[in-house]
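The values are calculated or read from the model by the stated rules, or taken from the named source; none is laboratory data. This is a predicted model, so every value here is computed, not measured. Virtual Cβ from ideal backbone geometry, glycine too; neighbours counted across all protein chains shown. Heavy atoms of the whole protein, side chains included, go into the accessibility calculation; ligands, DNA and RNA do not. Shrake-Rupley method; radii C 1.70, N 1.55, O 1.52, S 1.80 Å.
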Amino acid sequence: MDSCIFCKIIRGEIPSYKVYEDELVIAILDVNPSSNGHTLVMPKEHFSDVTTTPKNILDHCFEVSQVIAQAQIKQLHATGVNIITNAGKSAGQSVMHFHIHVIPRYENDGLDISLGFPIKKIENKDMLLLCDSIKKGI
Ligand code: DGP
């Protein structure tokens with residue numbers, strides 16, 4: 001993907017703070033960090049988001065995310081970690097190259113404790129419909 005900013009980083013055309021690299025994956029510090037050590041884990045091959053990434057690559061990205069999270073706890077003394085991935089513009093994805101945010105959390109770090117997701121009240125009958133609908137797609 002010629003125009004993809006993360007592909008450019010992977011090719012070394014744009015500088016980054018590289019935390020980890022292997023044959024399939026790189027991990028870099030986010031240019032707009034939410035906390036100290038906020039890291040992005042991504043496959044070297046271009047896939048648009050979590051829903052289109054092959055399972056073996058997805059598994060490896062999450063394994064690497066776990067290792068990064070453990071390092072953030074050990075080295076940065078994080079007391080928690082949010083591991084999230086946004087898929088699609090409506091979910092807040094701004095770079096359309098699959099990546100996982102590994103966001104170390106600290107006591108009183110000023111971030112919303114649940115990253116700002118509000119709670120929506122849904123009636124039982126609608127919960128049943130939603131549950132059935134998702135089950136049909138599996
Ligand atoms: P998302 O909104 O989930 O697509 O997250 C994209 C993240 O990528 C966002 O937190 C900022 C980060 N980002 C965008 N451009 C660059 C860049 O050129 N370098 C680095 N290191 N991070 C970037």
(Q) Where the second residue is of a type in the set (Lys, Arg) and more than 7 Å from the ligand (Cβ to nearest atom) and the first is under 11 Å from PHE6 (Cβ atoms) and lies in the stretch 24-40, which pairs have Cβ atoms under 7 Å and are six or more apart or on separate chains? (A) ILE26/LYS18; ILE26/LYS44; ILE28/LYS18
**Q.** Qualifying positions in the stretch 102-129 - in a helix (DSSP H, G or I) and among the charged types (D, E, K, R)
**A.** LYS125, ASP126
(Q) If I filter the stretch 54-65 for residues that are more than 19 Å from GLU21 (Cα to Cα), in contact with a strand residue (DSSP E or B) (Cβ under 8 Å, 6 or more places away or on another chain) and buried (at least 18 other Cβ atoms within 10 Å of the Cβ), do I get at least one hit? (A) no
Q.
Please count how many residues of the stretch 13-34 are among the hydroxyl-bearing types (Ser, Thr, Tyr), within 12 Å of the ligand (Cβ to nearest atom) and in contact with a helix residue (DSSP H, G or I) (Cβ under 9 Å, 6 or more places away or on another chain).
A. 1
Q: Return the residue satisfying two criteria in turn: it lies in the stretch 35-44 and is within 12 Å of the chain's Cα centre (by Cα) and within 12 Å of the ligand (Cβ to nearest atom), and of such residues it is farthest from ASP59 (Cα to Cα).
A: HIS38
Q) Looking at the stretch 66-83, which of its residues are closer than 15 Å to ILE28 by Cα, open to solvent by 30 Å² or more (accessible area, probe 1.4 Å) and either within 12 Å of the ligand (Cβ to nearest atom) or of a type in the set (Val, Ile, Thr) (or both)? A) VAL67, ILE83
(Q) If TYR106 satisfies all but one of (1) in contact (Cβ under 8 Å) with a residue 60 or more places away in the chain; (2) within 27 Å of LEU24 (Cβ to Cβ), what's the number of the condition it fails? (A) (2)
Q: Please identify the pairs in which a residue from the stretch 1-21 that is under 22 Å from GLN66 (Cα atoms) and open to solvent by 50 Å² or more (accessible area, probe 1.4 Å) has its Cβ atom under 7 Å from the Cβ atom of a residue that is more than 10 Å from the ligand (Cβ to nearest atom) and among the β-branched types (Val, Ile, Thr), counting only partners at least 6 apart or on another chain.
A: LYS18/ILE26; VAL19/ILE68; TYR20/ILE26; TYR20/VAL64; TYR20/ILE68
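Would you call SER114 of a type outside the set (Asp, Glu), within 16 Å of the ligand (Cβ to nearest atom), more than 12 Å from the chain's Cα centre (by Cα) and open to solvent by 30 Å² or more (accessible area, probe 1.4 Å)? Break it down stepwise before answering.
On the way: of a type outside the set (Asp, Glu): yes; within 16 Å of the ligand (Cβ to nearest atom): no; more than 12 Å from the chain's Cα centre (by Cα): yes; open to solvent by 30 Å² or more (accessible area, probe 1.4 Å): yes.
Considered against the rule, which asks whether it is of a type outside the set (Asp, Glu), within 16 Å of the ligand (Cβ to nearest atom), more than 12 Å from the chain's Cα centre (by Cα) and open to solvent by 30 Å² or more (accessible area, probe 1.4 Å), SER114 comes out as no.
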Q | The one condition in (1) more than 16 Å from ASN36 (Cα to Cα); (2) surrounded by 10 or more Cβ atoms within 10 Å (Cβ to Cβ); (3) away from the ligand (no atom under 14 Å from the Cβ) that ASP109 fails to fulfil | A | (1)
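When residues of the stretch 72-85 are filtered for being part of a helix (DSSP H, G or I) and in contact (Cβ under 8 Å) with a residue 12 or more places away in the chain, how many remain?
Going through the stretch 72-85 one residue at a time, the tally reaches 2.
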